[in-house]
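Enquirer: Sharing a structure below in structure tokens format, with a few things to ask.
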Amino acid sequence: MRRGGGVLMHIASLPGPFGIGVFGEEAVAFSRQLQKQGMKYWQVLPFSYPGMGDSPYQSFSAFAGNWLFIDPRRLMKAGLLTAEEVVANEFNANKWRIDYDFLRVERVKMLRLAFSRAGDDIMQKTAEFVAANKWADDVALYQAIKDDNDQKAWWQWEDEALKNYEAKALEAVRGTENYNYHAFVQYIFSSQWQEIKKQINDNGIQIIGDMPIYVSGDSADVWADKEMFKMSSPKQLKEDPDRIFSCVAGVPPDYFSEDGQLWGNPIYDWEKHKKSGFEWWMRRIEENYKLYDIVRIDHFRAFSSYWEVPSDAKTAKEGKWVKGPGMAFFEAMDKKFGDRSGLIAEDLGEMTPDLVEFMKECGMPGMKVMQFAFNPGDDSSYLPHNYPANCVAYTGTHDNNTMLGWLWEAAEHERKECLAYCGFKGDNWGDGGSHSASLRAIIRTLWMSHADCVIIPIQDMLGYGGDTRINIPGTPSGNWVVRFSKEDLDSIDNDWYKELNRLYRR
């Protein structure tokens, strides 16, 4: 990666009149602000439609886009909505929080209305889009059938042929109005984003995307490719008809949870993936390369070894480490794409010897997080003076507290160590805001490091506390809802960051 700085902000967190950030002028304006600051990167969270707990990491598809990001104003320009209908979709009850329950209902009404006005030209482009993307066909089929089954999970569908993805049964669904609607939505999402992304790139900003390692059990991905996952055996199903998967994903006890985290996602049958030349994965990575300039692979360590938990376990403590696909996966990727230069490996968590060796062999940049560094006396690899050039370094990620929130909640010895390390000597370390002296000292220290790429969450740029944290791992609700107003973003001292990037050659 080029040496440079950047900001982490979810598209959903952008300001705007529609209750959630969209692919509109606000996104382009933010990229212009980053350009003024001398930044090179904008890191986003997954574009997946939010699932359980409103999480973009738990979606009905690893490929489909979040239609809540579709800009009503662009639909109006395409002749699919009137100005009055665009205004009717404005939602300003709370510009700092997202109301997903409201949006899920209202956005579907808006998109159904726009679809009803789509002419032959748009539907022809939709058909071409689906023909070029197998995943889009699977998503449209899956959602259309799910609509007809009261949103039940695919294994609860009444029609066995549809449940089993039988070609003849699926052919009867293709071309129905509901199938065409869901295909239309994905085409609109894709075309709007490509328009916006070009403008962002033209402003000199590269998009770092985020690809979750796992998919949801109730998803188009599993339904259409069951053989690629560890499904329950006939014996297990006979004993427990609700046990669809033999094992599920999670992580062992760690910094975030003493019981570990039981994610519940199905586990890949890596042997079958290997026999196919990792074809499903190559399609997935190719799609991510269309969406983003650089792709961060979440929970990258699973390619080396992953935590597998019996699907009937109560906590993740009952799991075990299992060997992943290893370098065979990346050799297949090199054959398909030529190199791995567009990838970032999220290698946080327990750094086992096999993972250390695997990271060296892969050669991709890993991640460093300052918040993990400040145990007095330890020469932690998370301390900025230990960062290699080939890494992406953060004050914190979407799973961490904000830096100001961390300062307030950290043990006193950790806070003192952090402030001393960063050269902050005042007694006003708890002051927030975009001019916070303590946060500027911490951010400056990060920028001084050898890391080629440094990223700060927008919350740290604004100097906000823990009440603006976007996610607390292991908690089922109240996450992913944080937004920021135009006034928030206008309060940032762009010149300070421009000088920071100049001074440290970013």
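Enquirer: Does L103 satisfy being touching a Gly at 6+ places or on another chain (Cβ under 6 Å) and surrounded by 14 or more Cβ atoms within 10 Å (Cβ to Cβ)?
Expert: Yes.
Enquirer: Looking only at the range 119-136, which residues are under 18 Å from T176 (Cβ atoms) and either surrounded by 20 or more Cβ atoms within 10 Å (Cβ to Cβ) or modelled with pLDDT under 95 (or both)?
Expert: T126, V130, A136
Enquirer: Contact list please: Cβ distance under 7 Å, first residue in the range 120-145 and without any contact (Cβ under 8 Å) to a residue 40 or more places away in the chain and farther than 16 Å from E286 by Cβ, second residue of a type outside the set (A, V, I, L, M) and part of a helix (DSSP H, G or I), pairs at least six apart or on different chains.
Expert: Between residues of the range 120-145 that are without any contact (Cβ under 8 Å) to a residue 40 or more places away in the chain and farther than 16 Å from E286 by Cβ and residues that are of a type outside the set (A, V, I, L, M) and part of a helix (DSSP H, G or I), the close pairs are A144/N178; A144/Y179; A144/H182.
Enquirer: Shifting gears a bit: Within the range 65-81, track down each residue that is assigned to a loop (DSSP other than H, G, I, E, B) and free of Cβ contacts under 8 Å to residues at least 60 places away in the same chain.
Expert: If we filter the range 65-81 for residues that are assigned to a loop (DSSP other than H, G, I, E, B), which is where we start, we get 65-66, 70-71, 78-81.
Selection gives A78, G79, L80, L81.
Enquirer: Identify, from the list I456, I443, the residue that is farther than 30 Å from M52 by Cα, modelled with pLDDT of 95 or more, hydrophobic (A, V, I, L, M, F, W, C) and not in a loop (DSSP other than H, G, I, E, B).
Expert: Step by step, each of I456, I443 is checked, and only I443 is farther than 30 Å from M52 by Cα, modelled with pLDDT of 95 or more, hydrophobic (A, V, I, L, M, F, W, C) and not in a loop (DSSP other than H, G, I, E, B).
Enquirer: From P365, P388, which residue is surrounded by 15 or more Cβ atoms within 10 Å (Cβ to Cβ) and not hydrophobic (A, V, I, L, M, F, W, C)? Can you show your working first?
Expert: Values: P388 fails: surrounded by 15 or more Cβ atoms within 10 Å (Cβ to Cβ).
P365 is the lone residue from the list that is surrounded by 15 or more Cβ atoms within 10 Å (Cβ to Cβ) and not hydrophobic (A, V, I, L, M, F, W, C).
Enquirer: For Y421, all conditions in the list (1) closer than 27 Å to V44 by Cα; (2) touching a residue at least 24 places away in the same chain (Cβ under 8 Å) hold save one; what is the number of the exception?
Expert: Only one criterion is unmet by Y421, namely (1).
Enquirer: Right, another one. Just checking, how many residues over the range 203-231 are crowded, with 19+ Cβ neighbours inside 10 Å, over 20 Å from S55 (Cβ atoms) and small (G, A, S)?
Expert: Total meeting the criteria: 1.
Enquirer: Among the residues of the range 375-385, are any part of a helix (DSSP H, G or I), over 22 Å from the mean Cα position of the chain (by Cα) and polar (S, T, N, Q)?
Expert: Step one: of the range 375-385, the residues part of a helix (DSSP H, G or I) are 384-385.
Remaining after also requiring over 22 Å from the mean Cα position of the chain (by Cα): 384-385.
Checking the rest, the ones that are also polar (S, T, N, Q) come to none.
Looking through the range 375-385, none of the residues is part of a helix (DSSP H, G or I), over 22 Å from the mean Cα position of the chain (by Cα) and polar (S, T, N, Q).
Enquirer: Here is a follow-up. Only residues in the range 13-31 that are part of a helix (DSSP H, G or I) count as the first member; pair them with residues that are surrounded by fewer than 21 Cβ atoms within 10 Å (Cβ to Cβ) and of a type in the set (S, T, N, Q), Cβ under 9 angstrom, at least 6 apart or cross-chain, and list the lot.
Expert: So the pair list comes out as A27/Q199; V28/Q199; V28/N203; S31/Q199; S31/N201; S31/N203.
Enquirer: Between G175, G217, which is modelled with pLDDT under 95 and farther than 15 Å from A27 by Cα? Spell out the reasoning first.
Expert: On the way: G217 fails: modelled with pLDDT under 95.
Within the list G175, G217, the selection yields G175.
Enquirer: Could I ask something else about it? Considering only residues that are small (G, A, S) and not in a helix (DSSP H, G or I), which ones fall in the range 184-212?
Expert: G204, G209
Enquirer: Okay, moving on. Of the residues in the range 447-462, how many are within 23 Å of the chain's Cα centre (by Cα) and either of a type in the set (V, I, T) or surrounded by 19 or more Cβ atoms within 10 Å (Cβ to Cβ) (or both)? Break it down into steps so the answer makes sense when it comes.
Expert: Step one: of the range 447-462, the residues within 23 Å of the chain's Cα centre (by Cα) are 451-462.
Filter again for either of a type in the set (V, I, T) or surrounded by 19 or more Cβ atoms within 10 Å (Cβ to Cβ) (or both), leaving 451, 453-462.
Matching residues across the range 447-462 total 11.
Enquirer: Here are S48, S59: which of them is of a type in the set (S, T, N, Q) and more than 27 Å from G5 (Cα to Cα)?
Expert: Every option except S59 fails the conditions.
Enquirer: Within the range 304-324, can one find any residue that is within 15 Å of M211 (Cβ to Cβ) and buried (at least 16 other Cβ atoms within 10 Å of the Cβ)? First the steps, then the outcome.
Expert: Of the range 304-324, the ones within 15 Å of M211 (Cβ to Cβ) are none.
Within the range 304-324, none of the residues are within 15 Å of M211 (Cβ to Cβ) and buried (at least 16 other Cβ atoms within 10 Å of the Cβ).
Residues are listed down the side, and each one gets a yes or a no for (1) in contact (Cβ under 8 Å) with a residue 60 or more places away in the chain; (2) within 28 Å of G326 (Cα to Cα):
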residue: L355; (1), (2): no, yes
residue: F358; (1), (2): no, yes
residue: C362; (1), (2): no, yes
residue: K368; (1), (2): yes, yes
residue: Y394; (1), (2): yes, yes
residue: D399; (1), (2): yes, yes
residue: G405; (1), (2): yes, no
residue: A411; (1), (2): no, no
residue: L439; (1), (2): no, no
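Enquirer: Search the range 407-440 for residues being under 29 Å from the mean Cα position of the chain (by Cα), of a type in the set (A, V, I, L, M, F, W, C) and in a helix (DSSP H, G or I), and hand back the single one that is surrounded by the fewest Cβ atoms within 10 Å (Cβ to Cβ).
Expert: W408
Enquirer: Of the numbered conditions (1) more than 25 Å from A140 (Cβ to Cβ); (2) at pLDDT below 95; (3) not charged (D, E, K, R), Y57 fails exactly one; give the number of that condition.
Expert: The failed condition is (1).
Enquirer: Let me ask something else. With the checklist (1) in a strand (DSSP E or B); (2) touching a Leu at 6+ places or on another chain (Cβ under 6 Å); (3) not basic (K, R) in hand, flag the one item M364 doesn't pass.
Expert: Tallying (1) in a strand (DSSP E or B); (2) touching a Leu at 6+ places or on another chain (Cβ under 6 Å); (3) not basic (K, R), M364 fails exactly one: (1).
Enquirer: Suppose the filter is out of contact with any Asp or Glu (no Cβ under 9 Å at 6 or more places or on another chain) and over 22 Å from N471 (Cα atoms); does A29 pass it? Talk me through it step by step, then tell me what you get.
Expert: Working: out of contact with any Asp or Glu (no Cβ under 9 Å at 6 or more places or on another chain): yes; over 22 Å from N471 (Cα atoms): yes.
Yes, satisfied.
Enquirer: Taking D339 as meeting all but one of (1) crowded, with 16+ Cβ neighbours inside 10 Å; (2) out of contact with any strand residue (DSSP E or B) (no Cβ under 7 Å at 6 or more places or on another chain); (3) not in a helix (DSSP H, G or I), write down the number of the exception.
Expert: Only one criterion is unmet by D339, namely (1).
The values are calculated or read from the model by the stated rules, or taken from the named source; none is laboratory data. The model shown is predicted, which means the values in this text are computed figures rather than measured ones. Cβ coordinates were reconstructed from backbone atoms using ideal geometry, including for glycine residues, and neighbour counts include every protein chain displayed.
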